[in-house]
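Asks: Just dropping this structure here.
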Amino acid sequence: GGLDVAMTKSNDQTVLAGIIALVKSAQLSKPKIGRLVDQVTSVFVPIVVLIAVITFIVWSFFSLPHAVTAAIAVLVIACPCALGLGTPIAIMVATGRAAEEGMLIRNGAALQLASELTYVVFDKTGTITTGVPSVVDCHYWTDRVADLHADIHAIEMRSEHPLAQAMTDWTVKDQQKHPVQHFKSVSARGVMAEVAARSVVIGNEQWMQDNAIALEPSVLEVVQQYGQQAATPVLVAVDGKLVAVFAVADPIKPEAGQTIVRLHQLGLQTAMMSGDHPITANAVAKQVGIQTVMAQLTPKDKADYVQQLQVKGEVVGMVGDGINDAPALTQAHVGFAIGSGTDVAIESADVTLSRHSLDRVESAIRLSRATLTTIKRTLFGAFVYNALGVLLAAGVFYPIWHVLLSPMIASAAMAASSVTVVLVASRLRYRGITKA
């Protein structure tokens, strides 16, 4: 048969075009250290010209040919290029290397800040865990299980939360056409609606308390038991009475534990934030080696916690994937968005990890540190070269060696310094950024 294809966006609006534009933007942007280099270079040129004039005047008292040779050599050997080339080339190479490794860095400032991080905060669902939860157990306090499943399915179909997807998958066998009215969803709490004249509330323990639903000791015991198993307890109440608790397990990413260990080896502190039950959040954090856990947080609470760390003087990186993480990603000094996450989270972040793997966080930090180290080394080398080169060209060492630098040799040295800076910065393309 025939196939009709409709093009709804232009070529410059494709995902690939967006990635290319992002990388170009990062390569052209200047971090704080780049702006410092520009300031130094703007002063460097007039100083060199002044030194050349002074050199000519001083040597003219002894020999006019020597005065001309020395002044020209000073102008030729001085190389502001060596100062100005190192930083932009290092950033271009680093951002290109990052893109090859599945890390899209939005700007040069983020690249520099990532090297200064002292604290990395992780979201739980979809970041530490796979974000593909499933119901693994349930406990009922009602006889009308099939009707309850139908009510749950009808309500959770309207929610975008990963836990809602797990609930709809579990209850699909009892799917019925139940009309839903007055649907309401609250981030980090749960959902509620009216189904067939029944008031149904689905969510965490805090959501039940917010809706004045009493939790008997037997219910709390089940909630605690599920939490200790690193499963999220999802409570369901009908007409003000709790009728069921579901255990929803979200597998931990295989690389999560090793990533946390390596971040600790880099000297970074880690924490985990979640809207989940404290028992569940602590169980997950314990498995991956995170000591600090903040649970039952709203999106605003997450951003506030990041801000609290910043007030204490920490340079904070935030790793998340969902809409709930967007405020914290924006608040953090450097936001890392998992590429499989929501568009809002990705737009709010400074670094997008397109390969969905947590070890890219460590790789981004290592690449950032390597880039800043390379920039500092090239700047130091360029400074030493220019200082010694100008002194040698000006004839400061003539009383010792009785030799003046030829302008031809000075020009060769100038060219060699620029080439050296480029080669040193280009080493980032071949440097390993993951720890074996």
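Asks: Quick one: which helices (runs of 4 or more DSSP H) lie wholly within region 1-108 and hold at least 2 residues that are at pLDDT below 80? Even if it seems obvious, please write down each step before you answer.
Replies: Details: elements: 15-28, 32-60, 64-77, 80-100.
Output list reads 15-28, 32-60, 80-100.
Asks: Another question about this same structure. Out of Ser363, Ser274, I need the residue that is within 16 Å of the chain's Cα centre (by Cα) and in contact (Cβ under 8 Å) with a residue 60 or more places away in the chain. Which one? Full working, then the answer.
Replies: On the way: Ser274 fails: within 16 Å of the chain's Cα centre (by Cα).
Within the list Ser363, Ser274, the selection yields Ser363.
Asks: Something else about it: Need a quick list: strands (runs of 3 or more DSSP E) entirely within region 151-210 having at least 1 residues that are open to solvent by 20 Å² or more (accessible area, probe 1.4 Å), at negative phi and of a type in the set (A, V, I, L, M). Show your work before the answer.
Replies: Details: elements: 180-186, 190-195, 198-203.
Qualifying strands (runs of 3 or more DSSP E): 180-186, 190-195.
Asks: Follow-up question, since we're still on this one. Within region 348-369, take every residue that is of a type in the set (D, E, K, R) and buried (at least 22 other Cβ atoms within 10 Å of the Cβ) and give me the one that is nearest to Trp59 (Cα to Cα). Lay out the reasoning, then the answer.
Replies: So the first thing to find is which residues in region 348-369 are of a type in the set (D, E, K, R), and the list is 350, 355, 359-360, 362, 366, 369.
Okay, now just the ones that are also buried (at least 22 other Cβ atoms within 10 Å of the Cβ), so 350, 360, 362.
Numbers: Asp350: 55, Arg360: 59, Glu362: 57 Å.
Taking the candidates together, the pick is Asp350.
Asks: Name every residue in region 350-383 that is among the acidic types (Asp, Glu) and either assigned to a helix (DSSP H, G or I) or modelled with pLDDT of 85 or more (or both), in order of residue number. Steps first, answer last, please.
Replies: Keep residues of region 350-383 that are among the acidic types (Asp, Glu), which gives 350, 359, 362.
Of everything in region 350-383, those that are among the acidic types (Asp, Glu) and either assigned to a helix (DSSP H, G or I) or modelled with pLDDT of 85 or more (or both) turn out to be Asp359, Glu362.
Asks: Mind telling me which of the residues Ala382, Ala413 ends up being surrounded by 14 or more Cβ atoms within 10 Å (Cβ to Cβ) and either within 23 Å of Asn107 (Cβ to Cβ) or touching a Ser or Thr at 6+ places or on another chain (Cβ under 8 Å) (or both)? Write out each step before concluding.
Replies: Details: Ala413 fails: either within 23 Å of Asn107 (Cβ to Cβ) or touching a Ser or Thr at 6+ places or on another chain (Cβ under 8 Å) (or both).
Ala382 is the lone residue from the list that is surrounded by 14 or more Cβ atoms within 10 Å (Cβ to Cβ) and either within 23 Å of Asn107 (Cβ to Cβ) or touching a Ser or Thr at 6+ places or on another chain (Cβ under 8 Å) (or both).
Asks: Let me ask another. Of all residues in region 366-413, count the ones that are within 17 Å of Tyr430 (Cα to Cα) and either among the small types (Gly, Ala, Ser) or over 39 Å from the mean Cα position of the chain (by Cα) (or both).
Replies: 2
Asks: Taking the condition surrounded by fewer than 17 Cβ atoms within 10 Å (Cβ to Cβ) and either in contact with a Phe, Trp or Tyr (Cβ under 9 Å, 6 or more places away or on another chain) or in contact (Cβ under 8 Å) with a residue 40 or more places away in the chain (or both), does Leu372 pass?
Replies: Working: surrounded by fewer than 17 Cβ atoms within 10 Å (Cβ to Cβ): no; either in contact with a Phe, Trp or Tyr (Cβ under 9 Å, 6 or more places away or on another chain) or in contact (Cβ under 8 Å) with a residue 40 or more places away in the chain (or both): yes.
When the stated conditions are applied, Leu372 does not pass them.
Asks: What are the residue pairs meeting all of these: first residue in region 56-68, first residue closer than 17 Å to Leu392 by Cα and open to solvent by 70 Å² or more (accessible area, probe 1.4 Å), second residue β-branched (Val, Ile, Thr) and assigned to a helix (DSSP H, G or I), Cβ atoms under 8 Å, and 6 or more apart or on different chains?
Replies: Note: pairs meeting the criteria are Phe56/Val68.
Asks: Need pairs with beta-carbon distance below 7 Å; first residue β-branched (Val, Ile, Thr) and within region 405-430, second open to solvent by 30 Å² or more (accessible area, probe 1.4 Å); sequence gap 6+ or separate chains.
Replies: Val421/Leu85; Val422/Leu85; Val422/Ile89; Val424/Arg377
Asks: Filtering region 211-240 down to residues that are of a type in the set (Gly, Ala, Ser) and out of contact with any Leu (no Cβ under 9 Å at 6 or more places or on another chain), which residue is most open to solvent (accessible area, probe 1.4 Å)? Working first, answer last.
Replies: The first filter runs over region 211-240 and keeps only residues of a type in the set (Gly, Ala, Ser), leaving 212, 214, 218, 227, 230-231, 237, 240.
Checking the rest, the ones that are also out of contact with any Leu (no Cβ under 9 Å at 6 or more places or on another chain) come to 212, 218, 227, 230-231, 237, 240.
Numbers: Ala212: 89, Ser218: 56, Gly227: 0, Ala230: 17, Ala231: 2, Ala237: 1, Gly240: 51 Å².
Result: Ala212.
Asks: Looking only at region 109-150, count how many residues are assigned to a helix (DSSP H, G or I) and either touching a Ser or Thr at 6+ places or on another chain (Cβ under 8 Å) or more than 30 Å from Glu216 (Cβ to Cβ) (or both). Give the steps one after another, and end with the answer.
Replies: Restricting attention to region 109-150, the residues satisfying the condition of being assigned to a helix (DSSP H, G or I) are 109-114, 124-128, 145-150.
Still in the list and also either touching a Ser or Thr at 6+ places or on another chain (Cβ under 8 Å) or more than 30 Å from Glu216 (Cβ to Cβ) (or both): 109-114, 124-128, 148-150.
Number satisfying all stated conditions: 14.
Asks: Criterion first (at pLDDT below 95, open to solvent by 10 Å² or more (accessible area, probe 1.4 Å) and in a strand (DSSP E or B)) does Val243 satisfy it? Walk me through how you get there before you give the answer.
Replies: On the way: at pLDDT below 95: yes; open to solvent by 10 Å² or more (accessible area, probe 1.4 Å): yes; in a strand (DSSP E or B): yes.
Yes: the conditions hold for Val243.
Asks: What's the total number of residues in region 249-272 that are closer than 21 Å to Gln224 by Cβ and open to solvent by less than 40 Å² (accessible area, probe 1.4 Å)?
Replies: The number of residues fulfilling the criteria is 3.
Asks: Further, regarding this structure: Name, by its number, the condition in (1) over 23 Å from Asp304 (Cβ atoms); (2) at pLDDT 90 or above; (3) open to solvent by 40 Å² or more (accessible area, probe 1.4 Å) that does not hold for Thr118.
Replies: Looking at each condition in turn, Thr118 falls short on (1).
Asks: Six or more apart or on different chains, Cβ atoms under 9 Å: show the pairs whose first residue is in region 289-301 and without any contact (Cβ under 8 Å) to a residue 60 or more places away in the chain and whose second is in a strand (DSSP E or B) and open to solvent by 30 Å² or more (accessible area, probe 1.4 Å).
Replies: Gln291/Gln269; Thr292/Gln269
The values are calculated or read from the model by the stated rules, or taken from the named source; none is laboratory data. Since we're looking at a predicted model, the values are computed, not measured. Counting neighbours? That spans all protein chains shown, and the Cβs are built from the backbone with ideal geometry, glycine included. Remember, those area values only see protein heavy atoms, side chains included, never the ligands or the DNA or RNA. Shrake-Rupley method; radii C 1.70, N 1.55, O 1.52, S 1.80 Å.
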